[in-house]
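Reading through the C-alpha cells given below for one structure.
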Amino acid sequence: MYDMEKHCRVLELDKILTMLSECCGCDNSKQQALSIRPTDDFDTAAERMKLTTDAAQLAARFGTPSVYGIKDVTTNVRRAQVGSSMTLGELLDVARVLKAIRGAVEYRAECENAETSLDDMFHTLTPNLELESLITDSILSEEELADTASAELRDIRRKIRNTEAGIRGQLDKIIRSPATSKYLQDQLITMRDGRFVVPVKAEHRNEIKGMVHDTSASGATFFIEPAAVVEANNEIRILKAREREEINRIIAAMSSQVGSFAPYLCESFEMLMKLDVCFAKAKLARKMRAETPTLTKKGAIILKQARHPLIDSTKIVPTDIAVGGEYDTLVVTGPNTGGKTVTIKTAGLLTLMAACGLMIPALSTSSVCICDAVFADIGDEQSIEQSLSTFSSHMTNIIKILEDVTPNCLVLMDELGAGTDPVEGAALAIAIIERLRKIGCKTIATTHYAEIKMFALQTPGVENASCEFDVASLKPTYRLLTGVPGRSNAFAISQRLGMRDDIIARAGELISNENARFEDVVSKLEESRQEMERELEQLRADRAAAQAYRREAEDMRRRVEAEKNREVEQAKAESRRLIEKVNYQAQQLLDELDEIKKQKNSENFADLAARARAQVKSGVNTLYETADPIEEKKQTYILPRKLVSGDTVLINSLGREGTVISPPDNSGNALVQAGIMKMKVPVSDLRLVEKQKVTYSGSAKHTGGVSKKVTSAAERSASTEIDLRGMTTEEALMDLDAFIDNCVLSGLNLITVIHGKGTGALRTAVQKHLRAHKNVRTFRLGVFGEGESGVTIAELK
C-alpha cells in the first residue's frame, strides 16, 4: 500500500506545509494548512489551484482579509445552542469571529465585481453586526460586564456605589475623630469578606463597638466592622447578590442569541478558515515568487526555470526538467555535489505542491501532471538495528515501489544500483528501469554507471541528462543539460586537487578500452555542446539587440508621424484663426472709413481724416503682420570696421538712420544723432551705411572733361524724399539745396519734401525757397494719402 506520508517526508513537503502554516492568521487555519495532502484527482487539484490563483490575484491588488488571532468557537457555540451559558471570555471570542466575518464580507465588497472561484465561500459568510455590537458594547473584559449591559444592572451598581460612599463617609469620621482614632492601628479603611472594616489595636478592641471579622497574623490587630455600618454592609451584600443574578441573566440572554445564530456562525467560521488557507497559499507564492502551472491528467511534467523552494533564492540556479513527453525515463548523471539529488527532489516536490493546490517556483509556462502517486527512493536509510546496509535499504524501498506503482505515477530514484558491485549494480538498475517502463510510469533516476548511460543512448524513450560541472574551478554550475550524458570527472577533480600525474595516468590505463572510448565521445559531445551554447547565446544577444534597434526605430517613426500630424493640425487651426482675425480687423477699418465719410461736412473733418489715415496705415501694417506671421530668421551682423565719429549708421530697432557723434564707450554704447534726437545705442543695434559715391560730368560749359565726386549727407534710403522736420530754417534750406542737386544729378523728376504742419513757418520758408530755385519747375501741397499739408511735392526741371 502506498505510504504517502513517507514519500512526502522524503521530498520535504512537510517543510513546505510548515511554511504555509506560518502564513495563516490563526491556529485553526494553521492546523488545516498542515493537514493538506496531495490529491490524485485532477478536478480536485484544478479546483485547489484555481482558488489559490484567484486569491493571489486579489491579494496582489487589494491585500488580504484579516483573521489574525481568532479562536475556534464552534464547540462553545454549539453548547450555547443547546441552552448552556457561555463565559464572558467565550462571548468575546465570538465577537472577534463575527468581526472577522464582517471584515471579510466588506473586503470582497470593496474588490472589483469580477467573479472569482472564491465567491461561493465569501457568499457563505453571514455577518451579524447586531450580535457583534451587543457583545462588544456589553462586555468590557473577560471578567467585567459594562454598566450599560442593562438598565437593571446600571441601577443596581449605582445603588452599590452610593451605599459604599455612605459607608466610607461614616468610617472616615471614625478614623479621623480624636476620640476613636487613638484606638486604631492605622487610619485606613479596608475590607474583609466583602465588608468594610477598620484596623483596631488588640488592647482596645472593646472600645469600638461592632463585629470582629478577622485578626492579623501577629494578633495585634483586630478588623472590626463598626455597628454604625453593619446595616449598610448588609445592604451591599444584598445588592451584590442581585448584581450577580442580573449578570447571569444577561450572559444567558447573550448566549441564547449566540445559540440561535449557531448554524450560520459555525458555517461562516469554517469558510473563513478555508479562505485564510487560500490567502496563505497566495502569501507563500509571493514569498517564493511562484507561478501557476498548467495541470494535466496524464501528460508530461515540464518544469521551466524551476527552483527548489527550500534553497535560498539568491543562491539557487533555476533549471529545466522534463519527463513524460518524448521520453518517459530520464537518467541524470554527473559528479557528486553536482546537483543531481536536488534536481530529482525539485521535480518531485513541485509535483506534490501542485497536487496540493500550491503555486510552484517555476515559470507559468510549466506543466505538471497530477499523478496517482509520487514515489521517492532518496538518501541513505541504512539501519543497524534491522541489519540493513545502504544497498539493502535502497532495494527494500524499490521492491515496495515496484509493488505499488501504477502507470500514472512518478518514480524518483537516487544513485540507482549503488552500494554493490558496479557490474551487478548497473545490470540491476537497467532491469529496474525496464520494469518501470513496462508499467508505464514516469521515472527520473540518478547514477554514475556508464552502462546506464549507454542504455539511455541506445533505448528509445530513455533520455540522458547531466548536471554541468566546471572542472577549472572544481565547482558545479547546477544546470541540468538534457540530452547530454554526464561525466564523473573523477580524474580531472583529483588532478586539480593535487593527485600525482603518474597515478592519474595509471588509472587511465586501467580503464577498459570500451569505457575509455565512451568517455572520449562524451567529452567531445560536451565540448561541442558548450561551443554551440556559446554561439547560441551570442545569436540570442544579437537578435535581442536587433529587436531593440527595430523597436527604437519604430518608436521614432511613430513619434515623428505623430509630431507631423500635430504640427499640421496646429497650422490648420492657426490659419483659421488668422483668417478670422484679418477679416475682423479689415471690417473694423471699413467701418471706420464709412463713419468718416459720414462726417465729411463737419468742421474738424481735416483732423478726422488725418487721424483716419494714420489709423488706416497702422491697421494695414497690423493686417500684413497678422496675415504673414512667419518670422524671418535672425542673421548675425558684424560691423565691417570700427565706428568713428561722422559715420552714417542704421538704428536697426528703430529703422532710422543717424550719425555717430562719438564712438562706442567701454560698455559698448555709441552716441548717435537721429534728427534732433541724440541717444546712446548699443553697437549690436547699429548697421554701418556706406554712402554711394556719385560721379557726374559737367555740362557743356565744363568741356574740359573735368569730373567731380559729390557725396551728400542728405542721401537717404528713399532717394525721392527728404525729411526736414526738427531742423532750423537755415539747416533745412541747406539740406534741401543739396538734396535737389543730387536728385537733378540722378535724373529724378519728382521729389517729396517733408516739413510737417506745426506752425507753418518751415512750410512757408521751403515753398518760398522752391519758388526761387532754378531747378524747380512747379510745386504743390500734398493731397490725401501723400501727407496733405505736411509735405510739398516738387517737380524738377
Given the conditions (1) surrounded by 12 or more Cβ atoms within 10 Å (Cβ to Cβ); (2) modelled with pLDDT of 70 or more, every one holds for Arg543 apart from (1)
Per the list (1) β-branched (Val, Ile, Thr); (2) within 25 Å of Ala674 (Cα to Cα); (3) modelled with pLDDT under 85, residue check on Ile722 breaks on (3)
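So, in region 235-248, of the ones that are free of Cβ contacts under 8 Å to residues at least 40 places away in the same chain and under 27 Å from Arg79 (Cβ atoms), which residue ends up surrounded by the most Cβ atoms within 10 Å (Cβ to Cβ)?
The residue in question is Glu245.
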Q) Right, Thr343: more than 25 Å from Ala450 (Cβ to Cβ), of a type in the set (Ser, Thr, Tyr) and over 29 Å from the mean Cα position of the chain (by Cα) or not? A) no
Residues in region 60-91 that are surrounded by fewer than 16 Cβ atoms within 10 Å (Cβ to Cβ), of a type in the set (A, V, I, L, M, F, W, C) and closer than 30 Å to Arg286 by Cα total 2
When region 285-306 is checked residue by residue, the ones that are under 26 Å from the mean Cα position of the chain (by Cα) and assigned to a loop (DSSP other than H, G, I, E, B) are Arg289, Ala290, Thr292, Pro293
Sole miss for Val230 among (1) touching a helix residue (DSSP H, G or I) at 6+ places or on another chain (Cβ under 7 Å); (2) surrounded by 12 or more Cβ atoms within 10 Å (Cβ to Cβ) is condition (1)
Within region 431-456, of all residues that are open to solvent by 10 Å² or more (accessible area, probe 1.4 Å) and assigned to a loop (DSSP other than H, G, I, E, B), the one farthest from Asn336 (Cα to Cα) is Gly440
Next on the checklist: I'd like to know if region 110-128 contains one or more residues that are under 15 Å from Phe261 (Cβ atoms), in contact (Cβ under 8 Å) with a residue 24 or more places away in the chain and of a type in the set (D, E, K, R).
Outcome noted: no
**Prompt:** In this structure, does Ala562 turn out to be over 30 Å from Ser466 (Cα atoms), among the small types (Gly, Ala, Ser) and at pLDDT 85 or above?
**Reply:** yes
For Glu415, the lone unmet condition from (1) open to solvent by 40 Å² or more (accessible area, probe 1.4 Å); (2) over 22 Å from Thr343 (Cβ atoms) is (2)
Residue check: is Thr75 over 30 Å from Ile370 (Cα atoms), among the hydroxyl-bearing types (Ser, Thr, Tyr) and in a helix (DSSP H, G or I)?
yes
### Task
Assess whether Gly83 counts as being on the phi > 0 side of the Ramachandran plot and either outside any helix (DSSP H, G or I) or among the small types (Gly, Ala, Ser) (or both).
yes
Taking region 773-787 and the residues there that are surrounded by 15 or more Cβ atoms within 10 Å (Cβ to Cβ) and in contact with a helix residue (DSSP H, G or I) (Cβ under 7 Å, 6 or more places away or on another chain), the one that is nearest to Gly747 (Cα to Cα) would be Val776
Reported set for region 98-138 where residues are closer than 23 Å to Ile247 by Cβ and surrounded by 16 or more Cβ atoms within 10 Å (Cβ to Cβ) is Leu98, Asn128, Leu131, Glu132, Leu134, Ile135, Thr136, Ser138
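Please count how many residues of region 187-206 are at negative phi and touching a residue at least 24 places away in the same chain (Cβ under 8 Å).
8
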| task | Could you tell me whether region 47-55 includes any residue that is polar (S, T, N, Q) and open to solvent by 40 Å² or more (accessible area, probe 1.4 Å)? | result | no
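Select, from Val522, Val568, the only residue that is part of a helix (DSSP H, G or I), modelled with pLDDT under 85, open to solvent by less than 80 Å² (accessible area, probe 1.4 Å) and in contact with a Pro (Cβ under 7 Å, 6 or more places away or on another chain).
The unique qualifying residue is Val522.
Can you go through Lys209, Lys159, Lys173 and tell me which one is on the phi < 0 side of the Ramachandran plot, of a type in the set (D, E, K, R), at pLDDT 90 or above and over 60 Å from the mean Cα position of the chain (by Cα)? Even if it seems obvious, please write down each step before you answer.
Working: Lys209 fails: at pLDDT 90 or above; Lys173 fails: at pLDDT 90 or above.
Only one candidate qualifies: Lys159.
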Within region 734-772, the count of residues that are assigned to a loop (DSSP other than H, G, I, E, B) and open to solvent by less than 30 Å² (accessible area, probe 1.4 Å) comes to 3
Of the listed residues (Ile167, Ile174), the one being buried (at least 18 other Cβ atoms within 10 Å of the Cβ) and in contact with a Pro (Cβ under 9 Å, 6 or more places away or on another chain) is Ile174
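Report yes if Gly348 is closer than 28 Å to Gln458 by Cα, surrounded by 15 or more Cβ atoms within 10 Å (Cβ to Cβ), modelled with pLDDT under 90 and not acidic (Asp, Glu), otherwise no.
Here the answer is no, as Gly348 does not meet what is asked.
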Within region 636-650, restricting to residues that are open to solvent by less than 90 Å² (accessible area, probe 1.4 Å) and of a type in the set (A, V, I, L, M), the one that is nearest to Gly668 (Cα to Cα) is Leu643
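Residues are listed down the side, and each one gets a yes or a no for (1) at pLDDT below 70; (2) part of a strand (DSSP E or B); (3) under 21 Å from Thr319 (Cβ atoms):
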| position | (1), (2), (3) |
| --- | --- |
| Tyr478 | no, yes, yes |
| Val484 | no, no, yes |
| Asp502 | no, no, no |
| Arg506 | no, no, no |
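So which residues in region 672-682 are of a type in the set (A, V, I, L, M) and modelled with pLDDT of 85 or more, if there are any at all?
Val672, Val681
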Note to self: Considering only region 573-592, I want to know if a residue exists there that is within 30 Å of Gly758 (Cα to Cα), open to solvent by 80 Å² or more (accessible area, probe 1.4 Å), modelled with pLDDT under 80 and assigned to a loop (DSSP other than H, G, I, E, B).
What the structure shows: no
* **Test for Asp54: is it among the charged types (D, E, K, R) and touching a strand residue (DSSP E or B) at 6+ places or on another chain (Cβ under 9 Å)** => no
Take the conditions within 27 Å of the chain's Cα centre (by Cα) and of a type in the set (Gly, Ala, Ser) and apply them to Ala282. Does it pass? yes
State yes or no: is Val405 in contact with a Pro (Cβ under 8 Å, 6 or more places away or on another chain) and either aliphatic (A, V, I, L, M) or open to solvent by 50 Å² or more (accessible area, probe 1.4 Å) (or both)? no
Flagged pairs (Cβ under 9 angstrom, 6 or more apart or on separate chains; first in region 39-50, closer than 14 Å to Leu350 by Cα; second open to solvent by 50 Å² or more (accessible area, probe 1.4 Å)) are Thr39/Arg48
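The values are calculated or read from the model by the stated rules, or taken from the named source; none is laboratory data. None of the values given here were measured: they were computed from a predicted structure. Please note: Cβ atoms are built from the backbone with ideal geometry, for glycine as well, and neighbour counts cover all protein chains shown. Surface accessibility is based on the protein's heavy atoms, side chains included, excluding ligands, DNA and RNA. Shrake-Rupley method; radii C 1.70, N 1.55, O 1.52, S 1.80 Å.
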